[in-house]
Amino acid sequence: MTAGETSAVSGAGGAVGVTAGKGAGTGGAMRISGGVGTASTGGAVVVASGVGSATSSGAVSVSSADAGTSGVSGGMTLATGSASAGDSGSVGISTGSATGGAGGAISVAVGTGNTGTGGGITMTA
């Protein structure tokens, strides 16, 4: 699936939107997955912003929606799969280098709450 392009100086390229269906109960789920590699490596999934040839690249945002009037907001998991024979995959979080400016920051924060104990951060090597 590819959106249209333009050569106009200030024109924007076409947008692509994919939305799961609305449900009277639960909304439709969305899954993006790489293909199975029966005799070799499975297909990769890449999510990347667009290049800004003359200015900034696009941002990438991954988030769960706010909760309704009752309930909790959706959780998020960033994880690699397990391995039965060999190493499991690693997770890397990094910012890019900068020439003529500051490198990007990394922020890890726990949200605030008004009842009970605050959330925690656990890091284990």
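The values are calculated or read from the model by the stated rules, or taken from the named source; none is laboratory data. In this text, all values refer to a predicted model and were calculated from it rather than measured experimentally. For the accessible areas, the whole protein counts, side chains as well, though only heavy atoms, and no ligand, DNA or RNA atoms are used. Shrake-Rupley method; radii C 1.70, N 1.55, O 1.52, S 1.80 Å.
For this structure, a couple of remarks:
- Using a probe of 1.4 angstrom and keeping all protein chains present, the accessible surface of the chain works out to 91 square angstrom per residue.
- Shape analysis of the chain yields a ratio of the Cα radius of gyration to the Kirkwood radius, Rg/Rh, of 0.99.
- Sequence of 122, 95 from largest to smallest accessible area, 1.4 Å probe: 122, 95
- Where N is the number of residues in region 52-114, Cα Rg divided by 2.2 N^0.38 Å: 1.67
- Atom-type composition of the exposed protein surface of the chain places 50 percent of the accessible area on carbon and sulfur (1.4 angstrom probe).
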